[in-house]
1. Restricting attention to the stretch B:91-127, which residues are more than 9 Å from chain A (Cβ to nearest Cβ) and under 15 Å from B:GLY66 (Cβ atoms)?
2. Considering only residues that are buried (at least 20 other Cβ atoms within 10 Å of the Cβ) and under 29 Å from B:LEU162 (Cα atoms), which ones fall in the stretch A:88-102?
3. Return the residues of the stretch B:72-103 that are loosely packed, with under 15 Cβ neighbours inside 10 Å and within 30 Å of A:LYS97 (Cβ to Cβ); say none if nothing qualifies.
4. Give me a count of the residues in the stretch B:477-508 that are over 18 Å from B:GLU440 (Cβ atoms) and either in the same structural domain as B:ARG443 (by TED's automatic domain parsing) or of a type in the set (Ser, Thr, Tyr) (or both).
5. Report, by residue number, each residue of the stretch A:87-109 that is within 7 Å of chain B (Cβ to nearest Cβ), touching a helix residue (DSSP H, G or I) at 6+ places or on another chain (Cβ under 8 Å) and either on the phi < 0 side of the Ramachandran plot or modelled with pLDDT under 85 (or both).
6. Restricting to the stretch B:233-268, name every residue that is farther than 27 Å from B:TRP429 by Cβ, in a strand (DSSP E or B) and either at pLDDT 80 or above or in contact with a Lys or Arg (Cβ under 9 Å, 6 or more places away or on another chain) (or both).
7. Test B:LYS76 against the stated conditions and say whether it is part of a loop (DSSP other than H, G, I, E, B), among the charged types (D, E, K, R) and over 27 Å from B:ASP201 (Cβ atoms).
8. If B:ILE325 passes every condition in (1) in contact with a Gly (Cβ under 9 Å, 6 or more places away or on another chain); (2) within 25 Å of B:ASP427 (Cβ to Cβ) but one, which one does it miss?
Amino acid sequence: MATMKKERTHSRVDEPQEIWQLRLYVAGQTPKSMAAFTNLKDICENHLKGKYEIEVIDLLENPKLAKGDQIFAIPTLVRKLPQPIRKMIGDLSNKEKVLVGLNLYPLEK
Amino acid sequence: MPRVEKKKTAAKLGKTPTGIHGLDEITGGGLPQGRPTLICGGAGSGKTMLAMTFLEYGARKCNEPGVFFSFEETEKELETNFASLGYNLTDLIEHKKIIVDFVFVEKSEIEETGEYDLEGLFIRLGTAIDEIGAKRVVLDTVEALFAGLSDTGILRAELRRLFRWLKARGVTTVITGERGDGTLTRQGMEEYVSDCVILLDHRIADDLATRRLRIIKYRGSSHGNNEYPFNVDETGISLLPLSSMGLTYEAGIERVSSGIQELDQMLSGKGYYRGSSILVTGMAGTGKSSVGAQFVNAGCSRGERCLYFATEESPSQIVRNMRSIGIDLERWIKKGLLEFVAARANMRSLEEHLLVLQRTADAFKPSLVVVDAITDFSTMGTGLAVKWMTTRMVDFFKSRGITTIFNSLVTGAYVEDSGVGVSSTMDVWMHLVNVPSDLERNRIMYIIKSRGMAHSNQVREFLITNEGVKLMEVYTGPSGALLGSARLAQGAAEKRAALDRKQEMEVNQKELFRKRSVLEAQIANLRAELEAREEEAKRIAGHETEREREIARDVKEMAVKRHMGGGRAAK
């Protein structure tokens, strides 16, 4: 996993839809961080295909970024957009909670 | 008694001074260096303030930069709050002496979705420590994490790791914790922080709040075991180690005038000993404050600094009242020689009063102090507490060589009671009494004791005149002691009698002179008569001789004549 990478997938470019900006804070490539990234990617592909953007920030490399998003737990997922900002901590293994956290539940089915 | 000396161990435990007056004293130098200390207490007990004082002092005075991790207040709030205590956090932050980081943990905004750790916090803390080379760290209040996160299992493990990590980094850490129900902290933080635990308490007794501090444990060091009152005000935290003062002060022989000439004479001619404690007792309106003011006035006239601790009147009222008896205190205030500390007794707790007094005295450095009046404090605590407070005041001022007058309001004219039971700690004790006689009240005063000097046993009349306090000899006549107008009347009568006596004597002398003149005249007359008689006698004697001579001649002549006529004349 790259320490900091942006993934952007637009499937329906013609539709002016808002992009989901997600930021995942990790500290090195720990099993928890790896798991969080995998889980996040999985959820996004299933629910937000083509309209999401994941930014992974490794605090070991950019420790000063921790303050800005009030990070104290690792891993932490921050939904920057759409507003309001929402935060999820943990390896994102509880998908129900992630969907609630991302406010994606009502959109589904 | 606190045992403040350190135990002798192989490697002596280093101490980090907190800069809190009194706390460093009872801990023998401060908090354990490079180790975490837990400060627990209820809401508003002063935890944050103590922690910030520790950090600010380190940054400003000890060249030990510090990191403050706040879980409750934002950076701005902290800066504002502590600005009112005179801490310029903004400046210290700008100069990279302090880093304040607000860690926002809000349960409603956090979703826990699986396994996590607090590495984020570690990283933030580590970055801050490295950025300024911090030696001190404050976590205030780390327990807030428990309110925001539900997995206490993870939290406990992580906190344990955090404290180990902080210890390994060698930073001296203060962790605050809210007091729990029956436990020191809500989350049992004391289990993790085992080096030093300090408990703060804020309790209300008789409507007055008192803050207290107790060191519950201090591993590897001896410490004071008592509960120590402490005070938080505009100058920060100060602690009052009750028994750090003792009977070790020096006793000099220098004397200081009481400001009342006659009183100095009663005190073997020279006044009080410098550094002694003087108790002035008396009922209401007997002139206790005037004794204090006169003392202050005399002190300031000599160029000495005086501190007046007033609990009954405002400074301006004291100045006005004393002006009416010819004592101008205002000029000394303007000259900076006189400072007032005025506060109603019930404005602060006893400890706070003592602290304010001590701090003011340490800043102003007076050589004379007047406390007017100690009895006001007896409404605010148990008799024992007031007694202890006064004793501590006495010890404090004595240890600094400050001469102090304690005024004490007593009830009952001749009851020799100090009002708060402290007479035994006082060196001089003067009692003022109002004596009613002949429809007027007059003041008298006497010295009950004066240690280490011969003092007058006289009862004097105490006069408050336009030129301050004066002591008069009490007139004792055949009908007993006389005061006030009776004394004046008696004085006038005596004067009259003396005048009468004088006049009588003058008359007598004149009469004597006259008699003498008469007698002398008589003597002169008699002498003249005597002389006359002597003349007469002489004259008579002269005549007699003449006559005898004539008789003799006559006889001769007759004889001659017979011879010539009779024939037989004697041949």
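The values are calculated or read from the model by the stated rules, or taken from the named source; none is laboratory data. From a predicted model like this one, the values you see are computed outputs, not experimental measurements. FYI the Cβ positions are ideal-geometry reconstructions off the backbone, even for glycines, and counts take in every protein chain you see.
1. Passing the criteria: B:ASP91, B:LEU92, B:ILE93, B:GLU94, B:HIS95, B:LYS96, B:LYS97, B:ILE98, B:ILE99, B:VAL100, B:LEU125.
2. A:MET88, A:ILE89, A:GLY90, A:ASP91, A:LEU92, A:VAL98, A:GLY101
3. Once the filter is applied, which keeps residues that are loosely packed, with under 15 Cβ neighbours inside 10 Å and within 30 Å of A:LYS97 (Cβ to Cβ), the stretch B:72-103 yields only B:THR74.
4. 0
5. A:LYS87, A:MET88, A:ASP91, A:SER93, A:VAL98
6. The answer is B:ASP233, B:ILE237, B:SER238.
7. It is false that B:LYS76 is part of a loop (DSSP other than H, G, I, E, B), among the charged types (D, E, K, R) and over 27 Å from B:ASP201 (Cβ atoms).
8. (2)
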